[in-house]
1. Report Rg (one decimal) and Dmax (nearest whole number) for chain B, counting Cα atoms only, units Å.
2. Nearest 0.05, what FRET efficiency do A:S19 and B:A10 give at R0 = 51 Å with Cβ-Cβ as r?
3. Once you put a point 7 Å from the Cα of B:A111 and another 7 Å from the Cα of A:A46, both along the Cβ direction, what distance in nm separates them?
4. Averaging the inverse of every distinct alpha carbon separation and then flipping it gives the Kirkwood radius. What is it for the range B:51-163, in angstrom units?
5. Determine the residues within the range A:3-31 where the difference in accessible area between the chain on its own and the full set of protein chains amounts to at least 10 Å²; count protein heavy atoms only and use a 1.4 Å probe.
6. Please give, to one decimal in nm, the separation of the simple spin-label points placed at B:K132 and B:L149, each 7 Å out from Cα toward the Cβ.
7. Would you mind giving the total buried accessible surface between chains A and B, with a 1.4 Å probe and ligands, DNA and RNA left out, rounded to the nearest 100 Å²?
8. Can you tell me, using C-alpha contacts under 8 Å and at least 6 residues apart, the relative contact order of the range B:110-193 as a whole percent?
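The values are calculated or read from the model by the stated rules, or taken from the named source; none is laboratory data. Computed from a predicted structure; not experimentally measured. Virtual Cβ from ideal backbone geometry, glycine too; neighbours counted across all protein chains shown. Just the protein is used for accessible areas: all its heavy atoms, side chains included, with ligands, DNA and RNA removed. Shrake-Rupley method; radii C 1.70, N 1.55, O 1.52, S 1.80 Å.
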Amino acid sequence: MLDFTGIEKERLRARWVSSAEAPEFVEEVNAFIDTLKELGPSPLKAAVEAKKEEQKEAPA
Amino acid sequence: MIETIKQHVAGLLTEKKIAGFLGLIEKNGHVAPHLFKDGESLAGFTLGDRKTAGDARYPLNKTLVTLSRAYPEETFGVLVRGCDERGLYGLFRLNQLTEDRVIPVGFSCPAELSEACECRKPYPDSLVAGEKTESSQLKKVAEMDGKDLARRFDFWTAQFVKCVKCYGCRDVCPMCFCKECSLECEDLVAKGDLPVEVPVFHLTRAMHMADRCVDCGLCDEACPSDIPLRLLYKKTAQIMDTDYGFTSGLNKNERSPLSQMGPAK
Ligand code: SF4
Ligand code: SF4
């Protein structure tokens, strides 16, 4: 659904890691951080602000 | 078509098979839900077609849930289109209605409406009047999928910021019945703030409707900001269908994969 609404689906990750698997958890989080660094900051906030402004200027 | 249905309903009422029939009435120039009772005339009985087919619909199943809670021993009749009946099947599955306390009286939608809705099942199984209309293909979802990521992003953020958080989409939805709604959970949706959390608000609802939405389109019609909600839920439904082979309310007694534990079959 993220993909459908134009957000990189790599920005969301779900994994099952047992509480006994600390190293797996660390590895997973580190890998996710790398992915996020590659993707850069999300355009969401700026886009929402911009759209809000646009709508203020052009009342329907 | 309407005469056949009226006769059928009159029969159910005089034979005392139902305590009342939940349908639509046209009165003082308006169409509204109405519970027809035995001995009452069926004058004003309408299918909700005013200028065009299906332009005055109501979530009758929602009223039916309220009625059944108040009168659990009674059996009611209810007017259904294809999507409404899918809704009934869903509400039976989710234990909101009891199957043997409901007698659906169904009619089919015309081809133009089926096409405009891109409807999977424009006729109910309990077809009292009309022919089985052909189902239509999903076109708008494919069109959206065909755009690139940036254009999709642009489109949906522009849509979501228009939301005035009126909760009309939820309140009109015949498949929304939870006493506690996630959209009122302050950790997800801050109170008082506009625009809503983009895309959290709308995607939360989309996820929660994944195995419920019967694609009736009432939310889309109700939204004062004209956000194409139905398109969003059509995508969720498509994912449910391709990945799990499940479509809400399409088959009676089918359980949702989201409420089953264990490996996928
Ligand atoms: S189309 Fe909208 S109102 Fe109808 S069942 Fe789906 S979410 Fe609910
Ligand atoms: S009906 Fe439209 S404006 Fe109202 S809460 Fe739903 S999406 Fe937002």
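1. 19.1, 61
2. Efficiency, from the Cβ-Cβ distance: 0.20.
3. With each label point 7 Å from Cα toward Cβ, the separation is 5.0 nm.
4. About 16.3 Å for the range B:51-163.
5. A:D3, A:F4, A:T5, A:G6, A:I7, A:E8
6. Placing both labels 7 Å beyond Cα along the Cβ direction yields 4.4 nm.
7. So the total buried area for this chain pair works out to about 1700 Å².
8. Relative contact order here is 18 percent.
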